[in-house]
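The values are calculated or read from the model by the stated rules, or taken from the named source; none is laboratory data. Owing to the predicted nature of the structure, the values given are computational and were not obtained by experimental measurement. Here the Cβ positions follow ideal geometry from the backbone for every residue, glycine too, while neighbour counts run over all protein chains shown. Quick note on the areas: whole protein, heavy atoms, side chains included, nothing else; ligands and nucleic acids left out. Shrake-Rupley method; radii C 1.70, N 1.55, O 1.52, S 1.80 Å.
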Amino acid sequence: MTDRKSGCFVAEDLVTNRPMRVLLVRKHPSLYGTNGIYRMNPGQGILTGECGTPSNTVIIVKNYTGDVLNFGLAKEQYAAIHPEKAGQVKFVIVGDDVAVGKTQGSIVGRRHARGLAGTILVYKIAGALAHRGGSLDEVYNIAQWVSSNLGTIGVGLDHCHVPGTAAATSHLHASEIEIGMGIHNESGNRRLSPNPPLKELIPHLLDLLMSTSDPERSFLPFQSHKGKDEVVVMVNNLGGVSELELGAIAKEVHTTLHARGVIVHRILSGTFMERSTLSSYHVNGQTSLNMPGFSITLLLLPSKDSTSAPAQSLLLSLLDDQSNAPGWKWSSRAAPPVQPHFAPSASQAEQITSGTPLKVTDAKFFEASVKRACEALIAAEPEITRMDTIAGDGDCGLTLKAGAEAVLRKLSERKISGFDIGASIIVVAQVAEEAMGGTSGALYSYVYPITSRWQSHALVRIFFSALAQGLHSNATTSATVTAESWSDALTYALAKLYTYTRARPPSRTLVDPLAAFVETLAKSSGSDLRAAVEAAAAGAERTRDVEAKAGRSAYVEGDRLRKEKIPDPGAWGVKTILESLMN
């Protein structure tokens with residue numbers, strides 16, 4: 001099956017011609033499927049039009065009724081016309097969806113499931129074997145085996161949009177996410193609200209893929225023993241997810257699988273199969289490819305000593321075979337590295353707090369103040385996000401909200417306490433490093449035009465580390481932090497921060513309210529908190545009229561910022577925190 005004369009590998013829905021296959025047909029995996037996006041009459045033309053009169057043909061079809069019927073019709077019509085070649089056409093149905101339980105989907109065929117993005121792995125592995133010159137039976141058998149050991153689950157925030165039509169009103173609330181998405185714009189089979197964070201969503205999706213205790217699922221024979229399960233992972237963009245977001249999803253999938261003891265041999269990440277609508281074929285002759293969601297596919301590999309399955313090494317090598325098909329995404333052709341978890345904040349906390357723990361005079365009041373500040377940030381998220389969509393990159397509000405939620409969790413776990421201020425400050429720094437997404441990183445990342453996440457986190461930790469150092473250096477005779485000690489430590493931290501950033505008031509950054517707060521507090525030796533908070537609020541308000549000299553806003557059209565009177569989002573976050581202290 002190495003050329004068009006000797007064989008044909010039809011891994012294509014020629015009735016609806018989705019671009020996913022168009023991008024895979026040019027070289028390897030011997031996919032003779034389509035020469036463009038067009039509709040074709042079903043039946044005999046599927047084989048004769050695309051393959052001429054091939055001697056061997058493997059048809060791979062996703063488990064949708066229309067696809068199976070039309071390709072089945074093509075196979076049977078071809079056999080009727082060419083009875084001497086009837087045995088030279090093989091048929092593989094892929095059903096990798098795990099969203100629908102076995103009872104509910106019992107009528108729709110093998111594995112009771114729709115064909116989803118896992119079909120791509122069948123195409124690639126079987127097609128690579130065909131390209132190597134594998135026999136008809138060899139290609140068919142490996143396609144069947146891969147198909148039988150796949151699982152896919154999709155999730156999305158909305159349906160896709162049909163080009164040329166008015167934007168539809170979302171059927172999901174802003175706080176909902178839908179699980180079990182199909183590829184024909186079908187709704188999922190369940191919704192979650194509120195939207196879970198990625199680190200909670202991914203384990204839930206993997207449970208659906210890997211369950212062996214749920215009688216409605218248990219689609220794949222995972223052993224659930226550390227080191228016993230070995231997989232290939234594919235994270236597929238359903239059309240509206242950025243490469244950056246897709247990378248974060250892939251990393252979280254790998255991290256979660258590693259924590260479960262699953263060995264990941266390959267990770268493929270990219271836009272392999274986009275979500276589309278039937279109306280986009282039959283009405284507009286187009287496809288709709290902007291569904292904001294993704295799917296996760298697991299291919300459960302055989303053990304190295306298995307004698308009843310294709311060799312694991314063969315499967316991986318076929319997957320790794322190079323292809324210049326534009327729809328096949330680059331991969332490292334190697335197992336992903338297991339990244340160690342670095343927690344420098346813990347060692348730093350040990351160094352800084354290695355003496356007598358510092359405490360405040362009223363620990364409960366301190367903890368209540370931290371809680372109020374976090375709740376205020378969470379409540380202000382929509383407004384700060386709105387500001388940042390104009391003045392920055394749109395992630396400030398969500399970043400602050402994520403950090404606030406993480407701090408609240410640490411507070412409930414007693415990792416932040418008024419009985420050990422030094423350690424508590426380092427915990428906040430750790431939250432800035434680990435829990436807050438986006439290049440802004442955390443509150444204090446807007447003081448400098450950050451270009452990478454690690455730089456942002458380093459700057460955040462500089463400030464908090466300096467604050468902890470300042471507290472300890474001023475607590476020579478007492479383990480209790482006074483108002484004056486706080487003021488001196490904040491002054492020290494601000495000075496230390498200035499050695500790493502050129503932002504100075506007025507700069508239209510969070511330095512404006514931060515400096516106003518620290519400097520005003522110092523004038524009263526820490527006793528006049530109200531005056532310091534009012535000065536910080538005024539500093540944040542003045543950023544409405546200040547030309548940006550640093551931070552993200554420096555790259556935004558100045559006239560627009562002044563016209564719309566948008567304050568700096570980071571500065572507004574500082575104002576929100578400090579004002580909550582006065583409530």
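Between the stretch 310-341 and the stretch 212-229, what is the C-alpha centre distance in whole Å? Value for the Cα centre distance between the two parts: 24 Å.
Put 224, 417 in order of accessible area, largest first, 1.4 Å probe: what do you get? Walk me through the numbers before you get to the answer.
On the way: 224 80, 417 15 Å².
Descending accessible area places them as 224, 417.
Using a simple spin-label model with pseudo-atoms 7 Å out from Cα toward Cβ, residue 174 and residue 495 lie 4.5 nm apart.
If you take every residue apart from residue 116 with its C-beta less than 9 Å away from the C-beta of residue 116, what net charge results, scoring Lys and Arg +1 and Asp and Glu -1? List each step's numbers first, then the result.
Values: positive: 62, 114; negative: 96, 97.
Overall, the nearby charge balance is 0.
Taking Lys and Arg as +1 and Asp and Glu as -1, the other residues whose beta-carbon sits under 12 Å from that of residue 381 total -3. Placing 265, 225 in order of accessible area, with the largest value first and a 1.4 Å probe, yields 225, 265. Take the residue pairs 364/415; 199/410; 199/228; 62/124; 62/90; 371/415 and return only those whose Cα atoms are more than 20 Å apart. Where the Cα-Cα span goes over 20 Å, the pairs concerned are 199/228. Label sites at residue 525 and residue 307, each approximated as a point 7 angstrom past Cα along Cα to Cβ, lie 8.7 nm apart.
Could you sort 393, 512 by accessible area so the largest value comes first, with the probe set to 1.4 Å?
Working: 393 70, 512 15 Å².
Putting 393, 512 in descending order of accessible area: 393, 512.
Work out the FRET efficiency for residue 317 and residue 243 from their Cβ-Cβ distance, taking R0 = 35 Å, and round it to the nearest 0.05. Let's see the in-between values first.
Values: r = 27 Å, r/R0 = 0.77.
Result of the calculation: an efficiency of 0.85.
Net charge near residue 334: determine it from the other residues with C-beta under 13 Å of the C-beta of residue 334, scoring Lys and Arg +1 and Asp and Glu -1. Taking every Cβ under 13 Å from that of residue 334, the sum is +1. Multiplying the residue separation of residue 332 and residue 581 by 0.36 nm and subtracting their alpha-carbon distance yields 84.6 nm.
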